[in-house]
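This report refers to the structure that appears directly beneath it.
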Amino acid sequence: MDFKEKVAEIFTAVESDLSMDDALQLIEIPPSQDMGDYAVPCFKFAKKYRKSPAVVATEIAEKIGSVDLFEKIECNGPYVNFFVDKKHFAERILKQAYIEKENFGSTDVGQGKTVIVEFSSPNIAKPFHIGHIRSTLIGNSINKIYKYMGYNTVAINHLGDYGTQFGMLISAYKKWGTPEIVEAIEKDPIPELLKLYVRYNQEIETHPEYRDEARYWFKELENGNEEAQKLWSWFREVSLKEFNRVYDMFGIKFDSYAGESFYSDKMPAILDELEDKCLLKDSEGAKIVELSEYGLTDAVIQKSDGSTLYVTRDIAAATYRKRTYDFYKNIYVVGAPQKLHFDQWRKIIDLMGYDWAYDCVHIMFGTVSLEDGALATRKGRVVFLEDVLKKAIEKTTEIINERNPNLENKEEVAKQVGIGAVIFQELFNNRIKDYMFSWDKTLSFEGETGPYVQYTYARTCSLLRKAGTDIDDNVDYSVLTDKESFNIIRKLEGFKSAVLGSHDKYEPFFITRYIVSLAQEFNRFYHECPILVEDEEVKKARLLLTKTVNTVLKKGMELLGMETPEKM
Ligand code: ARG
């Protein structure tokens, strides 16, 4: 039990109407430490007792009296203030951290439950755009957080590898696919395939028959035409090779790449089921599900030429996932522009009679705008993620060359820091908030940035390397009652709620903000309280604190998907 819970427990013992949860909600951390470490406002009870909040606070404080683990409990105006016994506090938190090690922030809320986290999901033969970057990084972090909470997670990349655009590509290739083009595609697949696609779309304007040809080829693909299938798998394969290079740079792994094409043979069963459940209506030859009575636009399930659509494949995917994994939650990390799609899709699943429709969650995010030219690449207005990462690494190499030219393993560290900086920046804000990407802000070693946290972590590693003594939890905890140490310990106590918050709200940024503030507290401590001192008792206690910060910073960064270099 942490101290906040202890406060709630003490409070509920004297205010028996109050539930533990309500008490926890009520507890505040006062702005300054001479007002105590925790405070409970009594406005809520004034009505009940028909007395002023200050009188109620006095009476409650008297009723509580003195309690073990707290130096004092007293009232201050309408608040009851709790002053923690700092030595006890230090001992309790640091011993717990020492025992739990890297599990210090975890819980077992996920025990026995399977959660699907679908993220990234780029489209074959098209560039990764900034929305895919966001999905990739937010999703990867959510996957890690859920794993840490004890869930069995399945990371799925729902590749956009099916649909009419493949009809266009096949048709385009058949028209213009010279040996030179084949060679160019092998060498640099995405931009070359994109060129074919763009050209096809342009030429449709003057050759309207191209539209039908593209439809024809997609239909052939769905019908299992060998030539169409062969071309399609080649496009898929070369694109995937490219995507995997980027995933490797981020150290991201998926458990499944079952994308849209995976469900192509599951379409007839879905259509039959919708038909049986009387959900399909004819509309000019197409089949739709009417949704207007739910405030949504109708969803087209099958086109008049018999081909299926994005939403149909998503229905098939959801039912397949439920059958295969019996998920507790099925999470889709996809940008806000697809909200209508997911609302329609969920309603359809609901109408099919599946109550798990509401265990499917669309985790949306806002857009990133680019500081002038920040992410523009040689390829024009489309962002190629790999170029962004390369640029981050390049710029970080320059910074390291200035700061620490003799660093061993410079290249590897520049990679870890450059990429880590991009991840940190991506996960720094509330995900729904739009933000502006800036190189200077992302790569700075000062301020609220990835390099700052990594650098602080490396500092703790260096202190621990130089320590020259064993670190255990057998220390004099009264050494750690000064303001700086206490502030860190209090931060450490909050790790679990930061992780839980990220879990509950699908918001990695609680952890991002948490680790940067822990790093700030540690640096304050580092400047005020020399660690590697003569006095063995002082040294041992401060090293234990350093070690705990080290473990928590590392875990926090890992949960975001960042690497944690030990020297930089
Ligand atoms: N491939 C889609 C896109 O790039 C995202 C897929 C999202 N996932 C899903 N199950 N619909 O826009």
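Output yes when any residue across the range 151-173 is in contact (Cβ under 8 Å) with a residue 40 or more places away in the chain, surrounded by fewer than 22 Cβ atoms within 10 Å (Cβ to Cβ), outside any helix (DSSP H, G or I) and away from the ligand (no atom under 16 Å from the Cβ), and no when none is.
yes
Suppose we filter the range 315-360 for residues that are among the aromatic types (Phe, Trp, Tyr) and within 12 Å of the ligand (Cβ to nearest atom); how many remain? Don't jump to the end; show me each part of the working.
Just the residues of the range 315-360 that are among the aromatic types (Phe, Trp, Tyr), to begin with: 320, 325, 327-328, 332, 342, 345, 354, 356, 358.
The next check asks that each one be within 12 Å of the ligand (Cβ to nearest atom); those that pass are 320, 332, 342, 345.
Number satisfying all stated conditions: 4.
Answer yes or no as to whether Met20 is within 34 Å of the chain's Cα centre (by Cα) and not assigned by TED's automatic domain parsing to the domain that holds Val549.
On the way: within 34 Å of the chain's Cα centre (by Cα): yes; not assigned by TED's automatic domain parsing to the domain that holds Val549: yes.
Judged against the criteria, Met20 is a match.
Consider Val109 carefully, then state whether it is more than 30 Å from Asp476 (Cβ to Cβ) and loosely packed, with under 14 Cβ neighbours inside 10 Å. Explain how you work it out, then say what you get.
Numbers: more than 30 Å from Asp476 (Cβ to Cβ): yes; loosely packed, with under 14 Cβ neighbours inside 10 Å: yes.
When the stated conditions are applied, Val109 passes them.
Taking the stated definitions as given, is Leu532 surrounded by 18 or more Cβ atoms within 10 Å (Cβ to Cβ) and either touching a residue at least 24 places away in the same chain (Cβ under 8 Å) or under 25 Å from the mean Cα position of the chain (by Cα) (or both)?
Against the criterion (surrounded by 18 or more Cβ atoms within 10 Å (Cβ to Cβ) and either touching a residue at least 24 places away in the same chain (Cβ under 8 Å) or under 25 Å from the mean Cα position of the chain (by Cα) (or both)), Leu532 does not qualify.
Are there any pairs, at least 6 apart or on different chains, whose C-beta atoms fall under 8 Å, with the first in the range 409-427 and within 15 Å of Tyr452 (Cα to Cα) and free of Cβ contacts under 8 Å to residues at least 40 places away in the same chain and the second of a type outside the set (Gly, Ala, Ser) and outside any helix (DSSP H, G or I), and if so, which?
Ala421/Thr449; Gln425/Phe437; Gln425/Thr449
I'm trying to understand the selection: among the residues of the range 368-381, which are surrounded by 15 or more Cβ atoms within 10 Å (Cβ to Cβ) and either in the same structural domain as His341 (by TED's automatic domain parsing) or modelled with pLDDT of 75 or more (or both)?
Of everything in the range 368-381, just one residue is surrounded by 15 or more Cβ atoms within 10 Å (Cβ to Cβ) and either in the same structural domain as His341 (by TED's automatic domain parsing) or modelled with pLDDT of 75 or more (or both), namely Val368.
Can you find even one residue in the range 128-139 that is within 15 Å of the ligand (Cβ to nearest atom), within 23 Å of Arg431 (Cα to Cα) and part of a loop (DSSP other than H, G, I, E, B)?
Yes, because at least one residue in the range 128-139 is within 15 Å of the ligand (Cβ to nearest atom), within 23 Å of Arg431 (Cα to Cα) and part of a loop (DSSP other than H, G, I, E, B).
Determine, yes or no, whether Val246 is more than 22 Å from Asn223 (Cα to Cα), outside any loop (DSSP other than H, G, I, E, B), among the β-branched types (Val, Ile, Thr) and within 15 Å of the ligand (Cβ to nearest atom).
On the way: more than 22 Å from Asn223 (Cα to Cα): yes; outside any loop (DSSP other than H, G, I, E, B): yes; among the β-branched types (Val, Ile, Thr): yes; within 15 Å of the ligand (Cβ to nearest atom): yes.
Yes; evaluated as a whole, the condition is true for this residue.
Considering only the range 82-106, state which residues are crowded, with 22+ Cβ neighbours inside 10 Å and farther than 28 Å from Ile471 by Cα.
Phe82 - this is the single residue of the range 82-106 that is crowded, with 22+ Cβ neighbours inside 10 Å and farther than 28 Å from Ile471 by Cα.
Filtering the range 99-127 down to residues that are outside any strand (DSSP E or B), within 12 Å of the ligand (Cβ to nearest atom) and of a type outside the set (S, T, N, Q), which residue is nearest to Glu426 (Cα to Cα)? Break it down stepwise before answering.
Filtering the range 99-127 down to residues outside any strand (DSSP E or B) leaves 99-113, 119-122, 124-127.
Keeping just the survivors that are within 12 Å of the ligand (Cβ to nearest atom) gives 119-122, 124-127.
Filter once more, keeping what is of a type outside the set (S, T, N, Q): 119, 122, 124-127.
On the way: Phe119: 15, Pro122: 18, Ile124: 24, Ala125: 25, Lys126: 22, Pro127: 19 Å.
Looking at residues that are outside any strand (DSSP E or B), within 12 Å of the ligand (Cβ to nearest atom) and of a type outside the set (S, T, N, Q), I get Phe119.
The values are calculated or read from the model by the stated rules, or taken from the named source; none is laboratory data. Values in this document were obtained by computation on a predicted structure and should not be read as measured data. Note: ideal-geometry Cβ built from the backbone for every residue, glycine included; neighbour counts use all protein chains shown.
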